[in-house]
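J.: One structure is given below, represented as structure tokens, and several questions about it will come after.
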Amino acid sequence: MSFMECRKFELTLISANDLEDVRKLFKMKVYAKVSIGGNPETEKRTPADKHGEINPAWNFHMTYTVGESAVRHYGTMLVIKLYCKRKLGDRYIGEVHTPVKELFDRAFMSGGGSPVVSFPVKKGSVDSQGLLNFSYRFGERVNVEKLFLAEGFPDWTRYID
């Protein structure tokens, strides 16, 4: 029987401010796609905010399971991509990338609480327009049997190492 050290990673996408208006004629309905390491198997999506337009608010909570190596070494990225929902195909607004280790270190320095952070939204290699606001927290380190992870541990929705 082999075990993997893991942590629960809870993320709440709160809001975004002053995003680029990518839809000039109609209201923007903004949603976010979140993944860890850009892995499509870990992707989760917020509902579209139908009222905030360039200042959407979600307060949407999601949970992941991350391997201990993701919080110990740089390289595993939290990726949050913002889109405007449209009938003829959704339009890309921009994204935020940040290392999971950096988030872990920041939470550890603040006493392990649930810090609220803001990151600039980027489009390509340059800053686009706007800020993305979210809070997060890491759970205690636990040993999980690899077989459990393979079969889908009911409370922990995704495993990333």
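The values are calculated or read from the model by the stated rules, or taken from the named source; none is laboratory data. Note that the coordinates shown come from a computational prediction; the quantities given were computed from them, not determined experimentally. Positions of Cβ are generated from backbone atoms using ideal geometry, with glycine treated the same way; all protein chains shown enter the neighbour counts. Side chains included, ligands, DNA and RNA excluded: accessible areas come from the protein's heavy atoms. Shrake-Rupley method; radii C 1.70, N 1.55, O 1.52, S 1.80 Å.
J.: What distance in nm separates the simple spin-label points at Asn55 and Glu102, each placed 7 Å from Cα in the Cβ direction?
T.: It is 2.7 nm.
J.: Also, I was wondering about something else. State in Å² the accessible area per residue of the chain; use a 1.4 Å probe, count heavy atoms of protein chains only, and round to the nearest integer.
T.: Computed with neighbouring chains in place, this is 54 Å² per residue.
J.: For the chain, set up a Gaussian network in which alpha carbons nearer than 10 Å are linked by springs, and say which option among Leu103, Leu131, Leu25 fluctuates the most.
T.: Maximum among the listed residues: Leu25.
J.: On to the next question. Label-point separation (nm) for Tyr92 and Lys122, each offset 7 Å from Cα along Cα-to-Cβ?
T.: With each label point 7 Å from Cα toward Cβ, the separation is 1.4 nm.
J.: Any chance you could give the angle, 0 to 90 degrees and rounded to 10, that helix 100-109 forms with the longest Cα principal axis of the chain?
T.: 80 degrees
J.: Suppose only helical runs count, i.e. DSSP H with n ≥ 4. What mean residue ellipticity at 222 nm does that imply for the chain under -39500 (n - 2.57) per run, divided by all residues and rounded to the nearest 500 deg cm²/dmol?
T.: Only helices count here, giving -3500 deg cm²/dmol.
J.: When the chain is modelled as a GNM with alpha-carbon springs shorter than 10 Å, which of Gly124, Gly139, Gly37 fluctuates the most?
T.: Checking each option, the largest mean-square fluctuation is seen for Gly124.
J.: Enumerate the calculated ³J(HN,Hα) couplings along segment 81-86 in order (Karplus 6.51 cos²θ - 1.76 cosθ + 1.60, θ = phi - 60°), each rounded to whole Hz, writing x wherever the residue is Gly or Pro.
T.: Once rounded to whole Hz, the list reads 10, 9, 9, 9, 6, 9.
J.: Taking θ = phi - 60°, what integer Hz values does the Karplus form 6.51 cos²θ - 1.76 cosθ + 1.60 yield along segment 37-48, in sequence order, with x for Gly and Pro?
T.: Each residue of segment 37-48 in turn: x, x, 6, x, 5, 9, 5, 10, 9, 7, x, 6 Hz.
J.: Can you list the residues, at least 5 places off or on another chain, whose amide H is less than 5 Å from the amide H of Gly130, using H built in the peptide plane?
T.: Result for Gly130 returns Val121.
J.: For Cα Rg over 2.2 N^0.38 Å, pick the label among [x] 1.09; [y] 1.36; [z] 0.96 that corresponds to the value derived from the coordinates.
T.: Label [x] holds the value from this structure.
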